[in-house]
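> Please read through the structure below; I'll follow up with questions.
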Amino acid sequence: MAVSRLRFKSSGTGTQYIDLARALSLQERRLHRQKAIYTVYGGYYVDSNGSRVDLNVAPLNWVSKLAVNRAFKMWKKMTAKTLKDAGATSKSRYRDFKVHLNQAMGVGSLLPLDSGGNNLYNNSVEWDYTTMTTADPDGPGGTPADQFDLHIIGPNAGSDPNWSRVGLIQSWFDSRPAPEDTQPNDIPNVNDPLMNLFDTGDVMDERLVIINSEGDAPPYDEDTTFGNAASYAEDHNLQRVSTAFTTSSNPVVPIHGFQALCGLIQLEFSGDNPGDYEIVLDVETKGESF
């Protein structure tokens, strides 16, 4: 186990984002690939003015991981096919698959600072999020191909054929056949004459009705998932993993440990008058593959 302690600072209410892979790459001076599950062992939050911060991440379930993996495979296929068709090769050691958490997350995110609050870099540091370019012509007439970035949570941004962002969970659902309205019964009609040929009592009918009705549907909504519930605002599809609340008499409070898909974290700050706050996170430097 190797742990890196990351320190972030900002001020005021509103929403901020942390990309742990980006922060670790900067502080540890080597590329940490984003497509991994990053573990935060804990940390602390400081604000002498008194405020609240909620830490939210993408739901860490099989749907979210499958949706990200699907996009990752398509990105690798797109890159390999383009280089092959062009008769070119590329040995870029820093090319990486990178996605946003949701539509609201831009290219900027909080970056780690030293003990004095200074940046760990002097010049601009490259961290480009993946851009996909479709081979499908952008409308009739062979106009330029559509290009878009990717985010995990929430619907697509833009409209066909001019997408600006594609939601990976939404895209995964759109690629699946719609569930049937009525599922086939496991047990035939209980009134079938031959089934009742040796029915000497009424109990068999009741048993068959119970067997036929209990456990015949999944314990979840087949066309809605945590992370892509269209009836809720996009931010509400995130998973709350920790909350820290400070007061003027208790300005330093702990942050619970959690895991973050692709190392992406949303921070929501609230309170009457948040000051210059500080967040410190102890992060496992080796991400878990999925």
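The values are calculated or read from the model by the stated rules, or taken from the named source; none is laboratory data. Bear in mind the structure is a predicted one, so any value in this text is a computation, not a measurement. Cβ sites come from the backbone with ideal geometry, for glycine too, and all protein chains shown count toward neighbours.
> Within region 239-262, does at least one residue satisfy the condition of being surrounded by 14 or more Cβ atoms within 10 Å (Cβ to Cβ), touching a helix residue (DSSP H, G or I) at 6+ places or on another chain (Cβ under 6 Å) and not in a strand (DSSP E or B)?
For region 239-262, residues surrounded by 14 or more Cβ atoms within 10 Å (Cβ to Cβ), touching a helix residue (DSSP H, G or I) at 6+ places or on another chain (Cβ under 6 Å) and not in a strand (DSSP E or B): absent.
> Here's something else I'd like to know. Specify which of the listed residues (ASP181, ASP138) is at pLDDT below 70, assigned to a loop (DSSP other than H, G, I, E, B) and closer than 18 Å to MET78 by Cα.
Numbers: ASP181 fails: closer than 18 Å to MET78 by Cα.
Going through ASP181, ASP138 in turn, just one is at pLDDT below 70, assigned to a loop (DSSP other than H, G, I, E, B) and closer than 18 Å to MET78 by Cα: ASP138.
> Which numbered condition in (1) farther than 22 Å from THR130 by Cα; (2) under 17 Å from the mean Cα position of the chain (by Cα); (3) of a type in the set (D, E, K, R) is the only one that ASP19 fails?
Unmet condition: (1).
> So if I check each of SER64, SER109, which one is polar (S, T, N, Q) and within 14 Å of the chain's Cα centre (by Cα)?
On the way: SER109 fails: within 14 Å of the chain's Cα centre (by Cα).
Exactly one residue qualifies, and that residue is SER64.
> A further question on this structure: Answer with yes or no whether SER164 is part of a strand (DSSP E or B) and either loosely packed, with under 10 Cβ neighbours inside 10 Å or modelled with pLDDT of 65 or more (or both). Before you say what the answer is, go through the steps one by one.
Numbers: part of a strand (DSSP E or B): yes; either loosely packed, with under 10 Cβ neighbours inside 10 Å or modelled with pLDDT of 65 or more (or both): yes.
Here the answer is yes, as SER164 does meet what is asked.
Results for (1) without any contact (Cβ under 8 Å) to a residue 40 or more places away in the chain; (2) closer than 27 Å to TRP75 by Cα; (3) part of a strand (DSSP E or B), shown as yes or no for each residue.
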residue: MET1; (1), (2), (3): no, no, no
residue: TYR17; (1), (2), (3): no, yes, yes
residue: ALA21; (1), (2), (3): no, yes, no
residue: LEU24; (1), (2), (3): no, yes, no
residue: GLN34; (1), (2), (3): no, yes, no
residue: TYR41; (1), (2), (3): no, no, yes
residue: ASN49; (1), (2), (3): no, no, no
residue: VAL53; (1), (2), (3): no, no, yes
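Rundown of residues vs (1) small (Gly, Ala, Ser); (2) modelled with pLDDT of 95 or more; (3) under 15 Å from ALA244 (Cα atoms), yes/no style:
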residue: SER10; (1), (2), (3): yes, no, no
residue: ILE18; (1), (2), (3): no, yes, no
residue: ALA21; (1), (2), (3): yes, yes, no
residue: SER25; (1), (2), (3): yes, yes, no
residue: ARG33; (1), (2), (3): no, yes, no
residue: ALA36; (1), (2), (3): yes, yes, no
residue: GLY43; (1), (2), (3): yes, yes, yes
residue: ASP54; (1), (2), (3): no, yes, yes
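> Can you say whether GLU234 is acidic (Asp, Glu) and modelled with pLDDT of 65 or more, as far as the supplied structure shows? If you could, list the steps in order and put the result at the bottom.
Numbers: acidic (Asp, Glu): yes; modelled with pLDDT of 65 or more: no.
No: the conditions fail for GLU234.
> Moving to a separate point now. Looking at region 112-132, I want the residues that are surrounded by 10 or more Cβ atoms within 10 Å (Cβ to Cβ) and have a partner that is of a type in the set (D, E, K, R) and assigned to a loop (DSSP other than H, G, I, E, B) with Cβ atoms under 6 Å, at least 6 apart or on another chain. Which pairs are those?
TYR129/LYS98; THR130/LYS98
> Taking region 8-41, which residues are among the basic types (Lys, Arg) and farther than 19 Å from PRO274 by Cα?
Within region 8-41, the first condition is being among the basic types (Lys, Arg), and the residues that meet it are 9, 22, 29-30, 33, 35.
Once the filter is applied, which keeps residues that are among the basic types (Lys, Arg) and farther than 19 Å from PRO274 by Cα, region 8-41 yields ARG22, ARG29, ARG30, ARG33, LYS35.
> Answer yes if at least one residue in region 72-88 is surrounded by fewer than 17 Cβ atoms within 10 Å (Cβ to Cβ), more than 24 Å from TYR277 (Cβ to Cβ), among the basic types (Lys, Arg) and under 20 Å from the mean Cα position of the chain (by Cα), and no otherwise.
Yes; the residues of region 72-88 include at least one that is surrounded by fewer than 17 Cβ atoms within 10 Å (Cβ to Cβ), more than 24 Å from TYR277 (Cβ to Cβ), among the basic types (Lys, Arg) and under 20 Å from the mean Cα position of the chain (by Cα).
> Still on this structure: Spot the failing condition for TRP62; the list is (1) in contact with a Phe, Trp or Tyr (Cβ under 9 Å, 6 or more places away or on another chain); (2) closer than 14 Å to ASN228 by Cβ; (3) surrounded by fewer than 21 Cβ atoms within 10 Å (Cβ to Cβ), and only one is missed.
Unmet for TRP62, out of (1) in contact with a Phe, Trp or Tyr (Cβ under 9 Å, 6 or more places away or on another chain); (2) closer than 14 Å to ASN228 by Cβ; (3) surrounded by fewer than 21 Cβ atoms within 10 Å (Cβ to Cβ): (1).
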